[in-house]
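The values are calculated or read from the model by the stated rules, or taken from the named source; none is laboratory data. Quantities reported herein were computed from a predicted structural model and do not represent experimental measurements. In this analysis, Cβ positions are derived from the backbone assuming ideal geometry, glycine residues included, and neighbour counts consider all displayed protein chains.
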Amino acid sequence: MEKYIDIIQESYVGYWNYLKRELLFQNNWDNYFYGLILISVIVWILEIAFPWRKDQPLFRKDFWLDTFYMFFNFFLLNLIVLIALSNTVAELFNDVLGLIGLQLSDFQLFDSTDLPKWLGLLIFFLVNDFVQWNTHRLLHRVPWLWNFHKVHHSVKQMGFAAHLRYHWMEPVVYNSIRYIPLAIIANYSAQDVAIVYFFAIAIGHLNHANLGWDYGILKYIFNNPKMHIWHHAKELPQHARYGVNFGLTLSIWDYLFKTDYIPRDGKDIELGFEGDEQFPKGFVEQELYPLNQK
């Protein structure tokens, strides 16, 4: 038990020191704090220059709430719970394997250092995105998970910052499910993985932006604003009552597994979910949902 307490303490100290270095403009290209700001500003400028919904305000409904969510979820949530939790669970999992004479490296499919870096990162990206696509489907299909995911779907006017409006429980679910698949195929440095994450952040921001783009023929590979708007549609088709267009970065999984749905131009469709009129509007109330429900 003392070992796990030490891991929790070291996780908090280590992440706090990391966060301070990020804020003090750590002179590295993989600075997530300023990288997130740069990507957000660029996509916001694109929204201003090429608005799809021209009557949507520049500071749309819940703009500042979503901006707060963006930084809270990307940085402070890690400090509060995720880093310590993930490090502790990872150590506990390795200890359990050790009881039967195994370690996680025994299950590793390949050594990433034996592959060209571009190929290794491509495999990491594809596996990560496919696992997240499946996890996203679970968030819609399993009722108790859907209750957490409602926070993301409570967005009523779409904009880039809506990308990172999500309940604190979501990264717990995502990271728990993808831990083993990524552990058995990847062993990359933080800078290597940063390439994948910056790309995913940019695509995610664009998917939620007030932009009427579908990227032409590339729409069958990459998720896009015209496709993702239908994922947030309040009225779902009868054949897909659990949702459509679950892709995060790639749209290819939806086309392969027949969960794609773009019946027409979705520029002015109503967003949300049934009963969202009664859904909490403030940050604290949304973060406590559904724990504060009878």
* To do: Report, ordered by the first and then the second residue, all pairs with beta carbons closer than 6 Å, sequence separation of six or more or different chains, a first member in the stretch 64-90 that is modelled with pLDDT of 85 or more, and a second member that is β-branched (Val, Ile, Thr) and buried (at least 17 other Cβ atoms within 10 Å of the Cβ).
  => none
* Asked: So which residues in the stretch 262-280 are in contact with an Asp or Glu (Cβ under 8 Å, 6 or more places away or on another chain) and either farther than 24 Å from residue 47 by Cα or exposed (fewer than 14 other Cβ atoms within 10 Å of the Cβ) (or both)?
  -> 270
* Examine the stretch 27-41 for a residue that is of a type in the set (Ser, Thr, Tyr), in contact (Cβ under 8 Å) with a residue 24 or more places away in the chain and surrounded by 16 or more Cβ atoms within 10 Å (Cβ to Cβ), and state whether such a residue exists. => yes
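Quick one: would you say residue 57 is surrounded by fewer than 17 Cβ atoms within 10 Å (Cβ to Cβ), at pLDDT 75 or above and either closer than 17 Å to residue 204 by Cβ or in contact with a Leu (Cβ under 8 Å, 6 or more places away or on another chain) (or both)?
Answer is no for this residue.
Of everything in the stretch 43-56, what is over 18 Å from the mean Cα position of the chain (by Cα) and in contact (Cβ under 8 Å) with a residue 40 or more places away in the chain? Give them in sequence order.
First pass over the stretch 43-56, keeping only residues over 18 Å from the mean Cα position of the chain (by Cα): 44-56.
Result: 44, 46, 47, 50, 51, 52, 53, 56.
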* Search result, residues across the stretch 251-279 that are assigned to a loop (DSSP other than H, G, I, E, B), in contact (Cβ under 8 Å) with a residue 60 or more places away in the chain and either farther than 21 Å from residue 157 by Cβ or in contact with a helix residue (DSSP H, G or I) (Cβ under 6 Å, 6 or more places away or on another chain) (or both) -> 259, 273
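Here is a check on your reading of the model: is residue 214 touching a Pro at 6+ places or on another chain (Cβ under 9 Å) and surrounded by 17 or more Cβ atoms within 10 Å (Cβ to Cβ)?
So residue 214 passes the test.
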* Asked: Does residue 23 qualify as being under 27 Å from residue 283 (Cα atoms), at pLDDT below 80 and not aromatic (Phe, Trp, Tyr)?
  -> yes
